[in-house]
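These notes are about the structure you will find just below.
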Amino acid sequence: MNVKKRKVFTRILLLLPFILILIILPFAYSSKTYYPAAPFSAISKKEAVQVLKPSSKELIYLTEEDGKRWYGFKGSQGDGAEAVISFMKSKGWTYQTQEGAGYFFGKESGVTSEKEASAIVHSEMWTGQYVLYRIPVRHLEE
C-alpha cells in the first residue's frame with residue numbers, strides 16, 4: 001500500500017468509532033435501553049416511562065400479567081408508600097406494616113379465609129425516579 005492510501009485508511013479507522021457512536025446513541029436514548037429491565041413484559045420500558053413521566057404524586061396503572069397488576073409512581077419510595085397505602089385504603093384495605101419491599105394490608109369484614117384477609121403489595125425501585133408496585137388482582141376486584 002502506498003503512503004497516501006495508508007493515511008486514508010488510518011483516518012477511516014479513527015473516525016469509524018465516532019460514526020458508530022453517532023448512529024447508536026440516538027437509538028439507545030429513544031428506546032430507553034439504558035433503563036434497567038422491567039419486571040413485566042406486556043409493555044416496553046419506553047411505554048412505561050412515557051406513561052409515568054407526566055404523573056405527579058399518583059399511582060399510575062401500567063399493565064396486568066400473571067394475575068398481578070403493575071402500578072408505577074414517579075418520586076421517592078416514601079412518597080410512593082403514601083400513594084400505595086392511600087390507593088389500597090380506597091379499595092377497602094387497612095395498612096398494617098412494611099417489611100422490606102412488602103407492604104402488608106388487612107381486611108376484616110366479609111372475608112372467609114386468611115388468604116382473603118391479607119394482601120401484600122411488593123415494591124421495587126426501578127430507577128432513581130420511578131417505583132413499581134405489584135398488586136395481586138384478586139385484592140383489587142370487589
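The values are calculated or read from the model by the stated rules, or taken from the named source; none is laboratory data. Just so we're clear, the structure is a prediction, and the values are computed from it rather than from any experiment. Every residue, glycine as well, gets a Cβ built from its backbone with ideal geometry; the counts of neighbours run over all protein chains shown.
Looking only at region 124-135, residues that are out of contact with any helix residue (DSSP H, G or I) (no Cβ under 7 Å at 6 or more places or on another chain) and either more than 14 Å from G106 (Cα to Cα) or in a loop (DSSP other than H, G, I, E, B) (or both) come to 7 in all. Pairing residues of region 127-139 that are closer than 11 Å to L59 by Cα with residues that are among the polar types (S, T, N, Q), at Cβ distances under 9 Å and at least 6 apart in sequence or on separate chains, gives V131/S76; V131/Q77; V131/S123; L132/S123; Y133/S123. Checking Y61, Y71 one by one, the residue that is in contact (Cβ under 8 Å) with a residue 60 or more places away in the chain and within 21 Å of A37 (Cβ to Cβ) is Y71 and no other.
Taking the criterion of being at pLDDT 90 or above, surrounded by 12 or more Cβ atoms within 10 Å (Cβ to Cβ) and not in a strand (DSSP E or B), the residues of region 93-123 that qualify are W93, A101. Return yes when K57 is among the basic types (K, R) and in a loop (DSSP other than H, G, I, E, B) and no when it is not. Judged against the criteria, K57 is a match.
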